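Have a look at the structure below, then the notes.
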Amino acid sequence: MTLLSLLIVLAILVLVITVICRPFFNTESDVPVDHGQSMEITYGEYHLTLNRIRELKMELQEGKITEEDYAIQWDELKKKAAVLLMKLSSHEHLKSKVK
């Protein structure tokens, strides 16, 4: 009887540990792919950021901003565009894995 109860407790313990640790072992295929509006928004933000970079260059050429301000704003916009592009690329990568 004691052996049976130990086996039952052990089985429950293994089950609980498995359920608790499951999120730590997710693979890329377990990650939900966002097919909704958020990718469209990200795509739009990316193109707005590229347009802002072009406008910034024109403002520099027209003398509306200093080279210092240009460098600071350009660096921020470049980083933002890179992050958005990485999001879009990872979405395309995950999307191709799903197919």
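The values are calculated or read from the model by the stated rules, or taken from the named source; none is laboratory data. Only a predicted model underlies this, so the values are computations on that prediction, with no experimental measurement involved. Here the Cβ positions follow ideal geometry from the backbone for every residue, glycine too, while neighbour counts run over all protein chains shown.
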Residue count, segment 36-75 (criterion: in contact with a Lys or Arg (Cβ under 6 Å, 6 or more places away or on another chain) and modelled with pLDDT of 95 or more)
1
Across segment 40-96, what is the number of residues that are basic (Lys, Arg) and in contact (Cβ under 8 Å) with a residue 60 or more places away in the chain?
1
For segment 61-75, give me each residue that is surrounded by 13 or more Cβ atoms within 10 Å (Cβ to Cβ) and either in contact with a His (Cβ under 9 Å, 6 or more places away or on another chain) or of a type in the set (D, E, K, R) (or both).
Asp69
Looking at segment 37-51 only, could you name the residues that are more than 16 Å from the chain's Cα centre (by Cα) and surrounded by fewer than 16 Cβ atoms within 10 Å (Cβ to Cβ)?
His47, Leu48, Leu50, Asn51
